[in-house]
1. Want the number for residue 66 to residue 116: 0.36 nm per residue separation, take away the alpha-carbon distance, what's left?
2. Give me the number: length gained by fully extending residue 208 to residue 1, i.e. 0.36 nm times residue separation minus the C-alpha to C-alpha distance, one decimal in nm.
3. Identify the residues of region 199-240 with backbone N under 19 Å of a label point that sits 7 angstrom from the Cα of residue 23 along the Cα-to-Cβ direction, or state none.
4. Two decimals is fine: what's Rg over Rh for region 8-72, C-alpha atoms, Kirkwood radius as Rh?
C-alpha cells in the first residue's frame, strides 16, 4: 500500500510538472526548460544530501549513474521537444507505453516479473494509449500506429517511453547501491552539467530566457523534485514496472487539464474511453 501511495504521488507531481512545462515552452526553448528543471532539483536536494551521511560510492553505482544520466539526457530533451510541438493530451499519454517495454527490460536487467493481473493491467494501459491516437478522419485499425510513425512528436514520445523502460530499472540498481535521495541528487546534478554547455550553444539569450520566466520555471523544478523522490522511495516497496505504470496515470490528469484549460477537445469522447481503460489497468496493477 505504501508503494502505491508513493507511486500515485509521483503521478500527481508528473502531471503538474508537465503542465508547468507546457506553459513555459510557449515562451522559451526546450534546452532552458530542461536546464532550469534540473538546476532547481539539484539546489533543493543539495542541503538534504549534505545533511546525510555521505554514501559509499561503489563501482556498480557509478556504472548505473553514468549510463542512466546519459540516457536521461536524451529523454528529457526529446520529452520537452514533444510537449512544445504538439497537443499535451496526445503526446504525454504516450509514455504510458513504458510499462509495456518494461515487460522485456525488467526481467533482463533486474530479474523482476509482473504477475498475471499486473500484465493484464499493463495491457489495458496500452489499449487506452491506442485509443488516444485514433483520429476522427482515420477509422482504420492501423491509423493509431501510423500516427506513431508519421507524427514527429509521437515518435519522440515513443522513444522516450522505450528509454524510460531502461532507466527505470537502472534507477532500481542506483537506489539499492545508495539511497533514494542520494541517487536522485547525483543523477540530476550530472544531467545538469551536461545541459549547461548544450543550452549555452543551442539557446538564444539563455540568461534572458531564465530571467523572464524564473518564477514559473521554479514550479517545474519543484514538481520534478517531488516526482523523483516519491518514485525512488516507491520502487523500494514494489516492482518497478508497477510504480512506472501508476506514475503514468498522470496522463488522466493531463487530459482533463488540456480539455478545460488548453481547449484540446478533439475526439474527447474517445479520449474519455481511453481513460477508462487506463484507470482499470491501473487498478489491476494496484491490487496485483
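1. Working: separation 50, 0.36 × 50 = 18.00 nm, distance 3.38 nm.
This chain segment gains 14.6 nm when fully extended.
2. Details: separation 207, 0.36 × 207 = 74.52 nm, distance 4.52 nm.
So the chain would gain 70.0 nm between residue 208 and residue 1.
3. 209-227
4. Working: Rg = 15.2 Å, Rh = 14.4 Å.
Computed over Cα atoms, the ratio is 1.06.
Read-outs throughout are calculated quantities, based only on the coordinates presented, and are distinct from any laboratory measurement. All values derive from a computational prediction rather than experimental measurement. So basically every Cβ, Gly included, is an ideal-geometry build from the backbone, and we count neighbours across all protein chains shown.
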